[in-house]
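Student: My questions all concern the structure below.
The values are calculated or read from the model by the stated rules, or taken from the named source; none is laboratory data. If you're wondering where the values come from, they're calculated on a predicted model, not measured in any experiment. So basically every Cβ, Gly included, is an ideal-geometry build from the backbone, and we count neighbours across all protein chains shown.
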Amino acid sequence: MDSRISFLQTLASCPHGARKKDLPLSDREIDRMRQKLRVSGLVEYVDLGKGKRWHITEDGHKFLSAHKEPISAAEN
């Protein structure tokens, strides 16, 4: 699975945002991917009074729904 989709799915499942420690360990490449998603407007890293958290944006939800993998007949 694409790491971008995995990251967006993780954020979509966290209604109050994901803290950095809630995310899987990352390396430099994954950090770059997260920042590219932030710059493109799909996610945001904001402080809403309870510490900084990653949040998925409306554009991120649209991107995620457009890139969901179709369920194959073998899985049914």
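Student: Specify the residue that is modelled with the lowest pLDDT; the eligible residues are those in the stretch 16-45 that are among the β-branched types (Val, Ile, Thr) and surrounded by 12 or more Cβ atoms within 10 Å (Cβ to Cβ).
Tutor: Ile30
Student: Right, next: Go through the stretch 24-51 and report how many residues are of a type in the set (S, T, N, Q) and within 11 Å of Phe7 (Cβ to Cβ).
Tutor: Here the count works out to 1.
Student: Also: Within the stretch 26-71, work out how many residues are hydrophobic (A, V, I, L, M, F, W, C) and either at positive phi or assigned to a strand (DSSP E or B) (or both). Full working, then the answer.
Tutor: Quick first cut of the stretch 26-71, residues hydrophobic (A, V, I, L, M, F, W, C) only: 30, 33, 37, 39, 42-43, 46, 48, 54, 56, 63-64, 66, 71.
Then drop every residue that is not either at positive phi or assigned to a strand (DSSP E or B) (or both), which leaves 43, 46, 54, 56.
Result for the stretch 26-71: 4.
Student: Is there any pair with a first residue in the stretch 22-39 that is in contact (Cβ under 8 Å) with a residue 24 or more places away in the chain and a second that is among the hydroxyl-bearing types (Ser, Thr, Tyr) whose Cβ atoms are under 6 Å apart and which are 6 or more apart or on different chains, and what are they?
Tutor: From residues that are in contact (Cβ under 8 Å) with a residue 24 or more places away in the chain, the pairs are Met33/Ser3.
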